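Written out below as structure tokens is the structure these notes cover.
The values are calculated or read from the model by the stated rules, or taken from the named source; none is laboratory data. Just so it is clear, the structure is predicted and the values come from calculations on it, not from any experiment. Note that each Cβ is placed from the backbone with ideal geometry, even for glycine, and that neighbours are counted across all protein chains shown.
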Amino acid sequence: AQSVTQLGSHVSVSEGALVLLRCNYSSSVPPYLFWYVQYPNQGLQLLLKYTSAATLVKGINGFEAEFKKSETSFHLTKPSAHMSDAAEYFCAVSEGFQKLVFGTGTRLLVSP
Amino acid sequence: EADIYQTPRYLVIGTGKKITLECSQTMGHDKMYWYQQDPGMELHLIHYSYGVNSTEKGDLSSESTVSRIRTEHFPLTLESARPSHTSQYLCASTYSGVNTEAFFGQGTRLTVV
């Protein structure tokens, strides 16, 4: 069965610093991978998804993620953090027609 | 903007009351889901449906029940609310194809006192 592991329940960065949120997946077949963002008291919003067309995926708000099969990873990055990026971030995986499985989430804290 | 709606957004209710959380989507999605989200953020799948008259229990056991009589509507019911049911409940839907992302409602924050 597919699963994802997000390392670090909290990540703190300064405004302008690099953002790196880690996600490792487990899947018996080529996976479909997603990153979602959740702002306070809101539902989840899709940031980006891996479709197998390209290993580097660009999403909204300047985020991107790179699919590395050899490392079974799909880490989320952003070159320069903004205060508005403070939120919870979820990595998710699905296999074919199966339901999405979410990681435990990482809270990104951005300090001035 | 995703066309999936949850009502109410916030609900405070007394122990023992029956409640129904509403979820509707106008995208014609076949698959719909209910997640329970702990204060510490983790999402737990409690119910899902692959279409009309299809409902399945998710990975986390829940005392709630769901129904899917119409494609666009996936309500969740608690027959007798308890303080342990206090949580955020998120509804989502997807197309039936592969590599399809989920669209989420804004959630219902339930508090049982």
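Brief remarks on what is shown
- Restricting attention to the range B:40-61, the residues being farther than 18 Å from B:PHE104 by Cβ and in a loop (DSSP other than H, G, I, E, B) number 4.
- Which numbered condition B:ALA81 fails, given (1) small (Gly, Ala, Ser); (2) crowded, with 18+ Cβ neighbours inside 10 Å; (3) within 14 Å of chain A (Cβ to nearest Cβ): (3)
- Selection of the range B:1-45 for residues being out of contact with any strand residue (DSSP E or B) (no Cβ under 7 Å at 6 or more places or on another chain), touching a residue at least 40 places away in the same chain (Cβ under 8 Å) and small (Gly, Ala, Ser) yields B:GLY14, B:GLY16, B:GLY28.
- For B:LEU60, the requirement of being among the hydrophobic types (A, V, I, L, M, F, W, C), in contact (Cβ under 8 Å) with a residue 24 or more places away in the chain and away from chain A (no Cβ under 11 Å) is met.
- Within the range B:33-42, one or more residues are facing another protein chain (nearest Cβ under 10 Å), polar (S, T, N, Q) and either closer than 21 Å to A:VAL93 by Cα or more than 10 Å from the chain's Cα centre (by Cα) (or both).
Listed here are the residues, each with its yes/no results for (1) touching a Gly at 6+ places or on another chain (Cβ under 8 Å); (2) among the aliphatic types (A, V, I, L, M); (3) over 11 Å from A:HIS75 (Cβ atoms); (4) modelled with pLDDT of 90 or more.
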residue: A:VAL4; (1), (2), (3), (4): yes, yes, yes, yes
residue: A:VAL13; (1), (2), (3), (4): no, yes, yes, yes
residue: A:LEU20; (1), (2), (3), (4): no, yes, no, yes
residue: A:CYS23; (1), (2), (3), (4): yes, no, no, yes
residue: A:PRO30; (1), (2), (3), (4): no, no, yes, no
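This table checks each residue for (1) within 13 Å of chain B (Cβ to nearest Cβ); (2) under 27 Å from B:CYS91 (Cα atoms); (3) hydroxyl-bearing (Ser, Thr, Tyr).
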position: A:LEU46; (1), (2), (3): yes, yes, no
position: A:LYS58; (1), (2), (3): no, yes, no
position: A:ALA65; (1), (2), (3): no, yes, no
position: A:LYS68; (1), (2), (3): no, no, no
position: A:PHE74; (1), (2), (3): no, yes, no
position: A:MET83; (1), (2), (3): no, no, no
position: A:ARG107; (1), (2), (3): yes, yes, no
position: A:SER111; (1), (2), (3): no, no, yes
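- Among the residues of the range A:1-20, those that are away from every other protein chain (no Cβ under 11 Å), more than 15 Å from A:GLU71 (Cα to Cα) and within 14 Å of the chain's Cα centre (by Cα) comprise A:GLY8, A:VAL11, A:VAL19, A:LEU20.
- Condition met for B:GLY28 (away from chain A (no Cβ under 12 Å), surrounded by fewer than 17 Cβ atoms within 10 Å (Cβ to Cβ) and in a loop (DSSP other than H, G, I, E, B)): yes
Condition check ((1) among the hydroxyl-bearing types (Ser, Thr, Tyr); (2) in a strand (DSSP E or B); (3) within 21 Å of A:LEU109 (Cα to Cα)) across all residues:
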{"position": "A:VAL4", "(1), (2), (3)": "no, yes, no"}
{"position": "A:LEU20", "(1), (2), (3)": "no, yes, yes"}
{"position": "A:TRP35", "(1), (2), (3)": "no, yes, yes"}
{"position": "A:GLU66", "(1), (2), (3)": "no, yes, no"}
{"position": "A:GLU71", "(1), (2), (3)": "no, no, no"}
{"position": "A:HIS75", "(1), (2), (3)": "no, yes, yes"}
{"position": "A:SER80", "(1), (2), (3)": "yes, no, yes"}
{"position": "A:PHE90", "(1), (2), (3)": "no, yes, yes"}
